[in-house]
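Here the structure comes first, spelled out in structure tokens, and everything after it is commentary.
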Amino acid sequence: MCGIVGYAGSAYAQDIILDGLKRLEYRGYDSAGMAVLDGDRLQVRKRAGKLARLVESLTGNSLPGSLGVGHTRWATHGEPNETNAHPHLSADGRIAVVHNGIVENASQLRHSLEAEGIVFRSGTDTEVLAHLIARHYAGNLPEAVARCMREAEGAMAICVVMQGQGGLMVGARRGSPLIVGLGDGEMFIASDVPTILSRTRRVIYLEEGDICTLRRDRCDILDAAGAPVERLVVEVTFDSAAAEKEGYPHFMLKEIHQQPSVVSHQILTYAGDRGGHISLPGLIPLYERMESLNRIVIVACGTAWHAGIVGKYLIERFARVPVEVEMASEFRYGDRVLDDRTLVLLITQSGETADTVEAMRMAKRSARCTLAIVNVEGSTIAREADAALFTHAGPEVGVASTKGYTSQLSALALFALDLAGKRNVLCEEELCVWLDRLRAIPDMMERCISRRDAVRNCARKPVYRDALHAMFIGRGFGYASALEGALKLKEISYIHVEGYAAGEMKHGPIALVTDALPVICIATRDAVHSKMLSNMQEIKARGGQIIGIVSDGDTAGAELCNDVFFVPECPAPFSPLLAAIPLQLFAYYVADALGRDVDQPRNLAKSVTVE
Ligand code: G6P
């Protein structure tokens, strides 16, 4: 992961870099650092821990200069301490490098550099790059960077400054994203567009293998073959809306509360406020191929993969097309059988998850049709997939996805219904009925949120808050909700949690049930409701502590539970949109009661840009 920002201009580089790092912290927060050139003096400051520690160290002791690079780290090679924080310097201290990615042949390169007498200061793979650039430097920094990139294997984006270069900064990308921002008398390099949007809207998306050389008033790019190239300058129209907490104690809680309006806005955008017509303009490039479609493979990671499971059930239920759901990290290294009539559907909030990006590229290389359900416009997947359906969730800052997830669910529902209409599985009147049911969901989500106090009071009970283990179970659509509920609680509370298909309980997990095991049962009314009640009876008989997610008025379900979170009754295909809310709130309030860092849980990052 890691976030990179570079500045060449005439303003105070330190402040611009810090502002950029603040926006990039979602990519990692193990340490942060910067290198600033003041005339010919290169100064470096870095700190372990959150960006706030770097800011503290600069207060009253700032780094002057108007050219510099900054970095926020998610540790891959080497523990997250100050020595391993970026930037890394060449042995003579003249070259500073920040890096996002992994140098896969770092240990071989390190051995050969050590054999030449180089003494390494850190345990990182990045330091190898600083020494390699120095080894190749013969008066031309871009050329030295190009040679370094040829020698280093793996996916990476780097930004380099060097003493004695007269205000020049070099960036290079291969496999990891890097953009250039063109300002008025100032230039930027960054891992993503929002980092620099407060200063310019004119950006260049660097392509694979590009090396850019920036001066405050000039940008030169060499392509992968080393030839000078002009890249398209894009005027970015999307909003950088500096994400603020707006009175909420955490971004996660704010984002939970935003869900009804995000989903409602999305449905209104794509299906209006009445009728049976869906308009998904992003899908137009695929329409011809969609007619002959006979299989969909959904590829995603993390929470987006859970959305993919709901997507499978939705598409099979409404459009009657067979769907498989794959984790991107498995799909991309597998040897899948895909034919011309297979659509590869990528689901991703960020549009930058390394495994999902590579899965998409792999599918494209074999001429398969790719569609992305994606939130971040301008992201790698949004730009490279054959077609994109935007979820319009706005910036999601909390590492644990909330509105990113539910906006994926509503987009998948719209996609499934649209496909059903196009394939004549549902007629317009049926579509109209289903769309009206979907349009009713945001109000129901609002009702779920209004019941948050009941969830908070329950989450604070020692039996749940202090549990060492917990289990989430469900069937059908409830199974997907169980997986997502389990991930939410696990990632922000650090409690060991498993999500299981309820029907599998008897094949092992029921052995874990004791009176110390909270079991969260997704038991909303649907075709498998009675089967869920049987599961709950079996858990109750063994003393398990049951929290039920139960439909309003379901007294039989509620009676089996120690605690209940009621949700309005809705059609099963849309039930994950409602179940998500008490599950997210439960995870949030447990984690908060335990004093966890809810928005930035340990060891995680929002955007996983390394494999
Ligand atoms: C990380 C995030 C998750 C997210 C996953 C996939 O693990 O912490 O919240 O679900 O990446 O990210 P994507 O941006 O591809 O949806």
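Only the coordinates and a few stated rules stand behind these numbers; no lab work does. Worth saying up front: this structure is predicted, and the values here are computed from it rather than measured. Here Cβ is always computed from backbone atoms with ideal geometry, including for glycine, and neighbour counts include all displayed protein chains.
Averaging over all projection directions, the Cα-based convex hull of segment 3-243 occupies 11.7 nm² in the image plane.
Label positions at ASP443 and ASP339, each projected 7 Å from the Cα along the C-beta direction, are separated by 4.7 nm. Between amide H atoms placed 1.01 Å from N, distances below 5 Å from MET156 occur with ARG174, GLY175, SER176, all of them 5 or more places distant or on a separate chain. With the convex hull of the Cα atoms taken as the outline of the chain, the averaged projected area works out to 27.7 nm². Taking Rh as the Kirkwood radius computed over C-alpha pairs, what is the Stokes-Einstein D of segment 497-593 at 25 °C in a medium of viscosity 0.890 mPa s, expressed in µm² per second? It diffuses with D of about 179 µm²/s by this estimate.
Each residue of segment 531-539 was assigned a 3J(HN,Hα) from its phi angle through the Karplus expression (A = 6.51, B = -1.76, C = 1.60, θ = phi - 60°), giving 5, 5, 4, 5, 4, 5, 4, 5, 6 Hz with x at Gly and Pro.
The ranking of TYR205, TYR464, TYR7 from fewest to most other beta carbons within 10 Å of each one's beta carbon is TYR205, TYR464, TYR7.
Look at the dipole of segment 495-611 built from charges on Cβ: of SER530, VAL497, ILE510, the Cα furthest out on the positive end belongs to ILE510. Work out the charge dipole of segment 449-598 with +1 on the Cβ of Lys and Arg and -1 on the Cβ of Asp and Glu about the Cα centre, then indicate which of CYS561, TYR589, PRO576 is farthest towards its positive end. It is TYR589. Against the main long axis of the alpha-carbon atoms of the chain, helix 428-439 sits at an angle near 70°.
Phi angles of segment 175-186 translate, via the Karplus equation with coefficients 6.51, -1.76, 1.60 and θ = phi - 60°, into HN-Hα couplings of x, 10, x, 7, 10, 10, x, 9, x, 8, x, 8 Hz per residue; Gly and Pro are given as x. Listed by chain and number, the aspartates and glutamates placed with their C-alpha closer than 12 angstrom to that of LYS606 are GLU25, GLU352, GLU396, GLU491; residues fewer than eight positions away on the same chain are left out. Rounded to the nearest 10 degrees, the inclination of helix 13-24 to the longest alpha-carbon principal axis of the chain is 20 degrees. Charge dipole (Cα centre; +1 on Lys/Arg Cβ, -1 on Asp/Glu Cβ; no other charges) of segment 459-611 amounts to roughly 200 debye.
Can you tell me what share of the DSSP beta bridges in the chain is antiparallel? A percent to the nearest 5 is fine. The answer is about 60 percent antiparallel.
Place a point 7 Å from Cα of ASP15 in the direction of its Cβ. Which residues in segment 40-66 have their backbone N less than 14 Å from it? Residues passing the 14 Å test: 59-60, 62-66.
With a simple spin-label model that places each label point 7 Å from the Cα along the Cα-to-Cβ direction, the separation between GLN108 and ALA516 comes to 5.0 nm. From least to most packed, judged by other beta carbons within 10 angstrom and beginning with the fewest, CYS570, CYS448 follow the order CYS570, CYS448. The charge dipole of segment 274-325, taken about its Cα centre with unit charges on the Cβ of Lys, Arg, Asp and Glu (plus for the first two, minus for the last two), comes to roughly 160 debye. For the residue pairs LYS364/LYS488; LYS50/LYS490; LYS254/LYS531; LYS364/LYS490, the C-alpha atoms sit more than 24 angstrom apart in LYS364/LYS488; LYS254/LYS531; LYS364/LYS490. Remark: ASP563, ASP15 ranked as ASP15, ASP563, counting other beta-carbon atoms within 10 Å and listing the fewest first. Helix 106-115 and the longest principal axis of the C-alpha atoms of the chain enclose an angle of approximately 20°.
About the centre of its Cα atoms, the chain shows a dipole size close to 600 debye [charges on the beta carbon of Lys, Arg (+1) and Asp, Glu (-1) only; nearest 20 debye]. Partner aspartates and glutamates whose Cα lies under 14 Å from the Cα of LYS312, excluding those fewer than 8 positions away in the same chain, are identified as GLU324, GLU326.
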